[in-house]
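Since the structure comes first, as structure tokens, the remarks are kept for the end.
The values are calculated or read from the model by the stated rules, or taken from the named source; none is laboratory data. Computed from a prediction, not measured in an experiment: that's the story for all the values here. Here Cβ is always computed from backbone atoms with ideal geometry, including for glycine, and neighbour counts include all displayed protein chains.
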Amino acid sequence: MARLWPRKVVCRQLLSTLIGVTLLAALSPASASPAAQPIARAGACPSGYSTSGDYCRPSSGARYALPKVGACPSGYSTSGAYCLASSDRARHATPKSGACPSGYSTSGAYCLQHSGDRSEETTKASGAPAPGALAKVGTCPSGYSTSGGFCSPGSTARFAVEKVGACPSGYSTSGAYCLAGSTTSRHALPKSGACPSGYSTSGAYCLGP
């Protein structure tokens, strides 16, 4: 039986990975919001998502969503138990964890990326998302530096997730995180029950196709 980690730990990691949030389609950093990706199911799935295992999995054309932890940020609205981007040009948002990182400011219970600054949260056609800011829970991974209450990626940084157990295949320990071995490593989500369709268990994570 796969080991299930405490919900508090898993939810914290899911919030931080949503920063980079974000997974499946190529986007232009100059004009598009983060791509939609599977998120842990904590109630009714947002519009454009359906239940898959213990996750909400986005359908084609779904917009970026993140768990609702308070007032939704500007450009987002409540949908189910989540805050859903109102358009495909919404700015990236992440739950506020201490001081917002450079390039972000407070909006509701979140840190919202400044207008015109879309260098983070772009995605590739396959594999792990491009690196984004991570909630700081210890030593930042290689290629990242402390910015407010976050670890902010440098120009050569690779995708990373908080370490909550054995790192998944293709990842290695770096600081308090699991760091992708290359830009083609598969996307990893902390395991919270049954993995979504297309993902399989690897260590304490669900690993994408």
- [ ] Examine region 112-121 for a residue that is more than 26 Å from GLY203 (Cβ to Cβ) and either touching a strand residue (DSSP E or B) at 6+ places or on another chain (Cβ under 6 Å) or at pLDDT 90 or above (or both), and state whether such a residue exists.
- [x] yes
Open item on the list: List pairs: first residue in region 144-156 and under 14 Å from GLN113 (Cα atoms), second residue part of a strand (DSSP E or B) and of a type in the set (A, V, I, L, M) anywhere in the structure, Cβ distance under 9 angstrom, at least six positions apart or on different chains.
Closed with: PHE150/LEU134; PHE150/ALA135; SER152/LEU134
